[in-house]
Structures are given as C-alpha cells and as structure tokens.
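Undergrad: One structure coming up, written as structure tokens, with questions to follow.
Each value in this text was obtained by applying a stated rule to the coordinates, not by laboratory testing. None of these values were measured; they are calculated from a predicted model. Reconstructed Cβ throughout: ideal geometry from the backbone, glycine too, with neighbour counts over all protein chains shown.
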C-alpha cells in the first residue's frame, strides 16, 4: 500500500470520527436545549393548567406530579378548557338574551298601565271634570291600572326574593283541606263573573295536614285557581283534588277551559310568558303568577307539573310534605 493511500484512509477515518462526534454533540446540545427551554416549559404550563383548574393557589400549583407525556396532557387540558369556556360563553349569551327579554317585558308591562293612567288624568284635567259620571268612570279605570302596577311591583319583589333566597319559608303544620275551602270562598266572586263552578268533593271534609309555609301555599292556591278562572270557559268548572302519597300530599287544580298547546307547556312557568298575549293583557295580571308558584314550591323542595289538552282543559299538580 502506498503512503498516499494510507494517509488518505487515515483522513477518511478522522473525518468520519469527527462527523460522528459532531452529530452526537449536536444531538446532546439540541436535546439539552429542547429539554431546558421547551419541554420543561411545557411541563410547567401543564402543571399550572392542571392545578389551577383544580382550584389550587398559584403558589401550590408547581409541586404536583407530572405524567410522562405532558405534551398530550396539555393538549387534552386545553381542549377541556376550551369546551368549558364554550359552555360558559353559551350560558352568558343565554343570560344576555334573557336579560334583554326580561327588561323588554318589564318595560311593556309598566308602560301599559302608566300610559292608561296618564291618559285618564289628562282627560280629567281637560273637560271630563264637567261630567261627574264620566269623571268617576275615568277615576275608576285609573285606579284599576294603579292596582295593576302595584301588583306587578309586588310580584317582581316577591320573585326577586325567592330567586335570591332572601324570602324565608316559615314552616308550620296546617290542614290543607281547610285552606282550600278558605281560598275557594275568596275566589267565589271572581268565579261567579264567568259562571264557573268551584268544586271540592265532600270526601275531603276530613283534615289532611301538611308541613309548609301556610301564607305562601295560600298564594300558590290563589294563583292557580285565579288562573283557571281567568282562562276557563264560561259556565265551566274548576275542581280541586288531593291525593295522599307515602310522605307527600298531591294537590291538583283542574279546569275545562281551552287548554294549552303542547309546544307551550315547557315555557308555561317562565316569567312574563303568555300563550295568548292579547287575551292575557285584557284579563289583567302581572304575567308572573306561575313563575312565583314554581319558585315557592321549589323553595319548599317540592315540584309542580302541568298537563293539558287543547280544547279539553288543564291540570296543575303540586306536592307538599305530609304531616300526620
């Protein structure tokens, strides 16, 4: 072998070794940089996301165990975070729509009687005072609209306190059958205006005791019975029945009016929701009655349901805690 060939081979070996050493050294440097400046940062981000998501303080968020695959964990955590945030954003959009609808409804409900009162006062200040009979008529109508305003404000205050939990439930033992008869007596005059018969069968003459807030259950019964009279048919019937369950009493209020279409049943307890807006406003009321009923019963940890057939009638049923 010639000297030139020998030195050529030596050079190739040196070059190969240098290349391998450079490659190894480059890999180690690259790995060190990735580990220090990228991978460790991903671990840190993962720890923060995971622990903050668990509600831990920031100072405690770095001391937890991290899995062997933090990159995948970060991906899953970010996807979960995005999913939760989307749900929160959708909820906020619904709340905003509800707020706009609620303010619009309140505005409309307040303006209607206010404008009516304003109109009657202006008429009285012009020429109506010269006609005593017309003046009395205008004053009577203005008074009714003021009563409507007062009822709306009272109902808004009640539902606000119920929703916030500010309104206390004062539990006591009382006879629900006696209370139903009392409410029937109070509603008899309203029922008579539409020739509606209120029925509560004789078998309920015996006492049936429940444990609840008597004043608020009186409001529940009044609202439901008044509703059945308001939307019941002329010469119709509103009947009440009670059923003794194991540890509850079921109360049903049934009318034979026009009924409610199935598509409206899921919204019947919403504030200001009206199946027939024009007829509802003609009949009066705040549009909050059923919402208040629902909130009162939920505050008692009880339930209310509705079933209805268009053209046949409607039944509202609610439960109360039984007290023997």
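Undergrad: Put a dot 7 Å past each Cα toward the Cβ at residue 22 and residue 222; how far apart are the dots in nm?
TA: 9.5
Undergrad: Let me ask something else. Could you check the spin-label model distance between residue 245 and residue 91? Points 7 Å from the Cα along Cα→Cβ, value in nm.
TA: My value for the distance between the label points is 2.8 nm.
Undergrad: Any chance you could run the full-extension gain for residue 233 through residue 209? It's 0.36 nm times the residue separation minus the Cα-Cα distance, nm to one decimal.
TA: 5.4 nm
Undergrad: Between residue 154 and residue 192, what is the label-point separation in nm under the 7 Å Cα-to-beta-carbon projection?
TA: Between residue 192 and residue 154, the label points sit 2.2 nm apart.
Undergrad: What is the fewest-to-most order of 120, 171 by other Cβ atoms lying within 10 Å of their Cβ?
TA: With the sparsest Cβ surroundings first, the list reads 171, 120.
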